[in-house]
Amino acid sequence: ELRKELEGRKRLSALGEMAGGLAHQLRNAMGAISGYGTLTKKALPQSDVAESHINALLEETRQADQLIRRFLSFARPLECTPQIMAIDPLIREIAESFRVRADFAAIDLCATLNCARQVAIDPLLFKQALGNLIENAALAYPGRQGSVTVTTIPRGNEIAIEVIDSGCGIPQEKLEQVFTPFYSSRPDGTGLGLPLAARIVEMHHGGLALTSQIGRGTTATILLPTAAALNAPTPSLESATIS
């Protein structure tokens, strides 16, 4: 049975490598299609009826490239290079990057930051994880019009980071499925944002949980240990006493 399990894992590993290589090739093809589409659009006369078709082609290409990029992010091994830093300035920077995005202009993004503690974190990976949660919260509103709140709260040796929306909510029976790769409740969703976010948080010795109510919204909570907690010495066996 162990041999069969090992062989199965080897086959899955080979399949993953093949899928990764295929995804890279597809992304190159998407880049070429997008490039030729842009050149074709520039060559068209103004107000040409075909311009809308070219725009639709470019949008489909963009979405396909986004899906491939997220798949590659999820499939490849992630390298975590943590740095000791304050969490609030990093979250403020991430929130500001969303405020200037044209596709989220109707989202009122509020950052309520109340934590002066430091964490050991890879800023690039964490930006991707928190960005996925903020994007999901914004997409919970029809027409992308609503409010999203990001808060930081110190909790003992941990820091809680909450992303709160008042959107459509997630049915209770589907909450356990949202961390399954490629599962999405939205027709245009990739189903990779939450699994990738959870994976990144776990690499930082933390946890990610969702609570939700239909019609009232969803709260995504990241729990991260403080830098002091990670660096705390572990009691040795010699110093332990038995009562």
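List of remarks:
- Failed condition for Asp48, given (1) surrounded by 14 or more Cβ atoms within 10 Å (Cβ to Cβ); (2) at pLDDT below 80; (3) acidic (Asp, Glu): (1)
- Across region 125-155, the qualifying residues are those that are in a loop (DSSP other than H, G, I, E, B) and open to solvent by 20 Å² or more (accessible area, probe 1.4 Å), and the one among them that is farthest from Gly215 (Cα to Cα) is Gln145.
- Restricting region 96-108 to residues that are surrounded by fewer than 19 Cβ atoms within 10 Å (Cβ to Cβ) and under 28 Å from Cys80 (Cα atoms) leaves a set whose member that is modelled with the highest pLDDT is Glu96.
- Condition check for Thr151: of a type in the set (Ser, Thr, Tyr) and at pLDDT 85 or above: yes
- Flag for Glu158 being modelled with pLDDT of 90 or more and open to solvent by 30 Å² or more (accessible area, probe 1.4 Å): yes
- Whichever residue in region 73-95 is charged (D, E, K, R) and open to solvent by 30 Å² or more (accessible area, probe 1.4 Å) and, among such residues, is modelled with the highest pLDDT: Arg92
- Taking the criterion of being assigned to a helix (DSSP H, G or I) and either among the hydroxyl-bearing types (Ser, Thr, Tyr) or touching a residue at least 40 places away in the same chain (Cβ under 8 Å) (or both), the residues of region 88-109 that qualify are Asp88, Ile91, Ile94, Ala95, Ser97, Phe98, Asp103, Phe104.
- Scanning region 202-218 for residues that are within 17 Å of Gly131 (Cβ to Cβ) and polar (S, T, N, Q) yields one hit, Thr218.
The values are calculated or read from the model by the stated rules, or taken from the named source; none is laboratory data. Quick caveat, the model's predicted, so the values are computed rather than measured. All Cβ positions, glycine included, derive from the backbone under ideal geometry; neighbour counts span all protein chains shown. What goes into the accessible areas is simple: the full protein's heavy atoms, side chains included, and nothing from ligands, DNA or RNA. Shrake-Rupley method; radii C 1.70, N 1.55, O 1.52, S 1.80 Å.
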